[in-house]
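Okay, so here's the structure we're looking at.
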């Protein structure tokens with residue numbers, strides 16, 4: 001049977017014109033037993049559409065790992081390093097992940113207590129909640145009515161030492177049923193989004209770049225971000241914005257002296273824009289919570305300076321200035337009309353291009369609502385590729 005694709009089911013809130021190329025449901029093929037020819041077709045589909053959905057999939061951890069690894073055959077360890085998040089107690093990731101013992105590249109995530117699961121006698125899972133990460137929280141009364149928030153918009157990446165994974169695979173095993181929730185932005189805009197319980201929300205990095213005005217496109221194509229050493233430990237004492245898109249600047253981050261031992265050579269500096277390996281398009285790929293500095297190249301020779309920001313280049317080290325500028329560039333792309341909130345069903349397998357989208361956990365579960373997912377992504381064999389000289393000339 002030939003591979004078939006249909007568009008993902010968009011919610012009424014989505015602007016269909018912005019999702020023409022984003023996301024496809026794949027039919028007619030078993031992702032656990034792809035032939036080499038089928039995999040090549042799936043690979044092109046993923047890089048062209050950024051997210052693929054397979055329904056009613058039976059997938060054991062070994063198969064999920066093999067599928068994820070096929071996108072980057074020389075990659076080996078989990079995206080944050082096998083078992084490293086569990087050992088780093090101060091990391092904000094520590095409570096959220098449990099490693100499958102026989103396949104340490106696959107993580108068990110979810111909510112509630114899971115028994116006798118893939119070699120784990122008992123696993124206490126905690127669905128990340130904005131109440132433990134944001135500076136402000138929705139009231140208990142509103143939470144009881146189903147009001148919630150985006151937890152943290154991010155890329156799956158260690159952002160220190162290891163290269164960002166190319167692909168993440170998410171597999172729904174136990175999916176609690178429940179009413180819908182209202183995701184509030186609480187940033188003064190009045191924006192809110194109707195979402196299914198426990199959705200994973202996605203936005204396109206390509207769209208994030210495309211909708212920028214000219215002067216911010218020029219800035220993006222000329223800029224790199226420097227991440228803090230051990231960023232998930234560094235940011236742990238700080239608190240996030242109400243949109244989940246970055247950290248409030250209150251001076252709460254750990255000092256470099258307080259961090260675990262780190263090496264300058266392992267600190268990551270990435271271009272703001274990452275180039276798609278199949279179609280060459282540029283995606284705005286920044287994990288705003290972990291950024292500490294912004295490095296801006298001057299305008300290329302012959303470029304118009306009219307309206308240009310930092311035409312002579314700059315090295316921004318003031319954390320508040322860096323965050324404010326990134327927020328100005330990224331916030332438009334998480335508008336309700338540009339968010340795809342996936343409604344999970346049991347045995348859903350979602351593959352997403354981790355170098356082409358940002359995503360966020362959303363919502364909150366009650367302690368007795370048991371949810372179990374398998375997640376796999378692998379630290380890549382190389383860092384992302386940024387804009388070419390031609391790209392800089394075009395957009396700067």
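Quick look at the values:
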| read-out | value |
| --- | --- |
| Tensor-based shape of the range 238-396 (alpha-carbon gyration tensor, a/c under 1.5 rounded, otherwise prolate or oblate) | prolate |
| Net length gained if the chain between residue 122 and residue 262 were fully extended (0.36 nm per residue, minus Cα distance) | 47.0 nm |
| Near-label residues of the range 178-215 by backbone N, under 15 Å of a point 7 Å along Cα→Cβ of residue 144 | none |
| Extension reserve of the residue 189-residue 37 stretch, reckoned as 0.36 nm per residue once the Cα distance is removed | 50.0 nm |
| Normalised contact order of the chain, rounded percent, pairs of Cα under 8 Å and 6 or more residues apart | 29 |
| Alpha-carbon centroid distance for the pair the range 302-325 / the range 196-221, whole angstrom | 19 |
| GNM flexibility winner over the chain from 344, 274, 262 (Cα, springs under 10 Å) | 262 |
| Extension reserve of the residue 382-residue 304 stretch, reckoned as 0.36 nm per residue once the Cα distance is removed | 24.7 nm |
| Inter-label distance for residue 278 and residue 102, nm, one decimal - labels placed 7 Å from Cα along Cα-to-Cβ | 3.2 |
| At 0.692 mPa s and 37 °C, Stokes D of the range 104-182 from Kirkwood alpha-carbon radius, µm² per second | 210 |
| Cα convex hull of the range 339-396 - mean projected area over all directions, nm² | 6.9 |
| Segments 38-46, 139-147, 359-367 sorted - mean Cβ within 10 Å per residue, highest first | 359-367, 38-46, 139-147 |
| Three-way shape call for the chain based on the alpha-carbon gyration tensor, with the a/c threshold at 1.5 | rounded |
| Cα-based shape type of the range 286-341, given that a ≥ b ≥ c are square roots of the gyration tensor eigenvalues and the cut on a/c is 1.5 | oblate |
| Span from the the range 270-296 Cα centroid across to the the range 334-364 one, whole angstrom | 19 |
| Choice from 73, 104, 165 with maximal GNM fluctuation in the chain (Cα, 10 Å cutoff) | 73 |
| GNM top mover of 301, 228, 123 - the chain, alpha-carbon springs below 10 Å | 301 |
| Fraction of beta bridges assigned by DSSP in the chain that are antiparallel (%, nearest 5) | 95 |
| Cα-projected label distance for residue 215 with residue 60, points at 7 Å along beta-carbon direction, nm | 5.9 |
| The chain: calculated mean residue ellipticity at 222 nm from DSSP helix runs of at least 4, using -39500 (n - 2.57) | -4500 deg cm²/dmol |
| Residues 345, 230 arranged by fewest to most Cβ contacts within 10 Å | 345, 230 |
| In nm, spacing of pseudo-spin labels at residue 366 and residue 321 (7 Å Cα→C-beta vector) | 5.1 |
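Each reported figure results from applying straightforward, stated rules to the coordinates on display, with no laboratory input. The shown structure was predicted, so the numbers you read here are calculated from the model rather than taken from an experiment. Here the Cβ is made from the backbone with ideal geometry for all residues, glycine too, and neighbour counts use every protein chain on show.
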